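To start, the structure under review is shown below, and the notes come after it.
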Amino acid sequence: MAPISDTFPMPHAGMPAMDAPSNGPAGPLPATPVDLMQRAVRGAHETIDRLAESAAPQVQRLGDGMASASDALHAQAGRLRETRDQWAEGLRGTVRENPLATIAVALAIGALIARVTR
């Protein structure tokens, strides 16, 4: 059995274009299935190329937007870590300066929670 490329040759450099059927003695010859297939393939390639060209700017804009959103999220996460560390350090300082008051407040909060959850 012959390979498909021998039966239906695909256009390549050096092959004549098969856009229009050649003229015979009785006028234009009807398009062959190979000619029709080649035109369909060529049209599909052109359509895909146009779609890719029109989508490229949108994809680039989307990528840029995602990069800036990622940068903003990383910056916000850094600020939140700094705030958390400041609050934790402030609480440690308060506990060190007033240990008895801290214990009294903890006991009062524990008693309040116990009363509410009964």
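The residues in the stretch 60-83 that are open to solvent by 100 Å² or more (accessible area, probe 1.4 Å) and of a type outside the set (Lys, Arg) can be counted, and the count is 8.
Part of a helix (DSSP H, G or I), exposed (fewer than 10 other Cβ atoms within 10 Å of the Cβ) and of a type outside the set (Asp, Glu), is that true of Arg96? Here the answer is yes, as Arg96 does meet what is asked. A single member of Pro16, Pro21, Pro3, Pro28 is touching a strand residue (DSSP E or B) at 6+ places or on another chain (Cβ under 9 Å) and at pLDDT below 90, and it is Pro21.
The values are calculated or read from the model by the stated rules, or taken from the named source; none is laboratory data. None of these values were measured; they are calculated from a predicted model. Note: ideal-geometry Cβ built from the backbone for every residue, glycine included; neighbour counts use all protein chains shown. Note: accessible area is taken over every heavy atom of the protein model, side chains too, but ligands, DNA and RNA are not part of it. Shrake-Rupley method; radii C 1.70, N 1.55, O 1.52, S 1.80 Å.
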